[in-house]
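First comes the structure, then the notes that go with it.
Just so you know, all these numbers are worked out from the coordinates, no wet-lab data involved. Keep in mind that this is a model prediction, so the values were computed, not measured. Cβ atoms come from the backbone with ideal geometry, glycine included; neighbour counts cover every protein chain shown.
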Amino acid sequence: MGVISSQPAPVAESRAAADDGGERRVELLSQRYFLENIARWQLANLLPLALIALCNLGRPGFGLTLWIVAANAACMAAMGGVCARLRTHDDPPAQHRLWHLYQGMAFVSGALWASLMLPVATTLGKDIASTFVCVIIIATVSVTSMVIATRRNGFIAFGAGFFAVLLPQTLWFIDVIGPIPLIATVFFIPALWSLAKAVYTQDRSLIRTQLEKEDLAAELTRALERAEYLATRDSLTGLYNRRAFEQVAQSLRAASDSGPISLILIDLDHFKAINDQHGHACGDCVLQKAAELILETVRPVDVLGRGDSAVARWGGEEFLLLLPECSLPMAVLVAERLRQRLARLTDPSWPPHLKVSGSFGVACWRPEVTLHHCINEADQAMYRAKQGGRNRVVAGQGAKLEAPAPGDESARTATG
């Protein structure tokens, strides 16, 4: 009887894809750590090579030892060059040709380490120098195997090269050195494999823990940023809420010093009728489109745009703009531009006869008055625009205003 999966196929596939992606991150990070540190270990391996050459100094096999030591040093230098090239690539995959080259060199290096046993094989156990050489080789090969265990293919290649040369030597000299070295070599293989597997598993476990911590920290950062955004933004339009607007306004006031700052208060005309006749969903869409229009108009790409401005949803259908380094006449021009664009605002989802307009109140925030005093002044100007017939711009403080653009008969601008 077949087993029925408890997870839907799409869910199982998405989890499998996530697992594959997580394993790839682990592999790439392990690979990067290996490439960053392997050069130092290869440099440290020069010390045991020098000790082996020193132990064989004046012995019959010194010439062969010196040749193998030089060849192994050259091989390790070439491996270091390959690793340096790999470090220049962005996360090179395990199938990269340079990795294959590195694995081939690892095989050669392992074979050369085993070859260093050859000059002392006949005297093994008979003098301290030969025994010391054997200990150095076994210790170095063991530690090197642990170092490169995180690169499984490289470890296998290195071990294969080492045992491919060492095993025939123990068989060839068995009548001289006896069977113990052969037995020790045979048991050395699974012991080395077990240690390397433990190192590989621990390496992956530590990297997974590190990545989980990084992901958790990133998620926490995003959550904090999201919480901060929600605390300062209107949920419907994405504009600043009142508290955030007041904070930004005070910062801009301090930055502008005594420079002119203007406020524009916008109230959408007959908004309650839009909600009553077309539903609140339509009303919400009108608010969102109006917010987008306002942001688009005050962006730097606009003719009258200002990238340092602040925009808030001040009330149900009210919007408040703050324009630093903007005189009252210029703010009136911006408001008139907004009024004209708002009157042309439409959307395919709206009823054909739905028209949107707004009443605008403009005020200058003088350094000697508070923000709320200036907002109240803009509010009074906006109410005068309402009383004057709506869909118009009214400025406070008796400002002298420029006429609207020629050809725009619907433009209505007044002074307070």
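Sort out for me the Cα centre separation of the stretch 241-279 from the stretch 354-385, rounded to whole Å. About 9 Å separates the Cα centre of the stretch 241-279 from the one of the stretch 354-385. In plain terms, the chain from GLN250 to HIS372 could stretch by 42.8 nm, reckoned as 0.36 nm per residue minus the Cα-Cα distance.
Work out the charge dipole of the chain with +1 on the Cβ of Lys and Arg and -1 on the Cβ of Asp and Glu about the Cα centre, then indicate which of ASN275, GLN202, LEU293 is farthest towards its positive end. Selected residue: GLN202. Across the options ILE148, THR88, LEU263, the greatest Cα extent toward the positive end of the charge dipole of the chain (unit charges at beta carbon of Lys, Arg, Asp, Glu) belongs to ILE148. For the chain, the Kirkwood hydrodynamic radius from C-alpha pairs, put into Stokes-Einstein at 4 °C and a viscosity of 1.567 mPa s, yields a diffusion coefficient of 45 µm² per second.
Using a cutoff of 8 angstrom between alpha carbon atoms and counting only pairs six or more residues apart, the relative contact order for the stretch 66-212 works out to 25 percent.
Charging the Cβ of each Asp and Glu at -1 and of each Lys and Arg at +1, and nothing else, the dipole of the stretch 9-216 about its Cα centre rounds to 340 debye. In terms of its Cα atoms, the stretch 9-216 spans 68, 34, 27 Å along the principal axes, sorted from long to short. Where nothing but the Cβ of Lys and Arg (+1) and of Asp and Glu (-1) is charged, how large is the charge dipole of the chain around its Cα centre, in debye to the nearest 20? With only Lys, Arg, Asp and Glu charged at Cβ, the dipole is about 620 debye. With the simple spin-label model, which puts each label point 7 Å out from Cα in the Cβ direction, the ALA70 to ARG341 separation comes to 7.9 nm.
Given their separation in residues at 0.36 nm each and the Cα-Cα distance between them, ASP276 and ARG390 gain 39.1 nm when the chain is fully extended. Which FRET efficiency, nearest 0.05, do LEU47 and ASP215 yield, Cβ-Cβ r, R0 41 Å? Once the sixth-power term is evaluated, E becomes 0.50. Lys/Arg Cβ at +1, Asp/Glu Cβ at -1, dipole of the chain taken about the Cα centre: which of THR122, ALA223, LEU345 is farthest positive-ward? Of the options given, the answer is THR122.
With helices as the sole contributors, the chain gives -22000 deg cm²/dmol at 222 nm; each DSSP H run of n ≥ 4 counts as -39500 (n - 2.57), and the sum is divided by every residue.
Of all DSSP-defined beta bridges confined to the stretch 203-332, some 90% are antiparallel rather than parallel.
Annotation for LEU28 and LYS355: the two label points, set 7 Å from Cα along the Cα-Cβ direction, are 5.7 nm apart.
Per residue, the convex hull spanned by the Cα atoms of the stretch 206-337 amounts to 144 cubic angstrom. Modelled spin-label separation between THR201 and ALA84, with each label point placed 7 Å from Cα along the Cα-to-Cβ direction: 3.8 nm.
Applying 1/(1 + (r/R0)^6) with r as the Cβ-Cβ distance of LEU224 and ALA139 and R0 = 56 angstrom yields a FRET efficiency of 0.65. Computed from point charges on the beta carbon alone (+1 for Lys and Arg, -1 for Asp and Glu), the dipole magnitude for the stretch 197-326 about its Cα centre is near 520 Debye.
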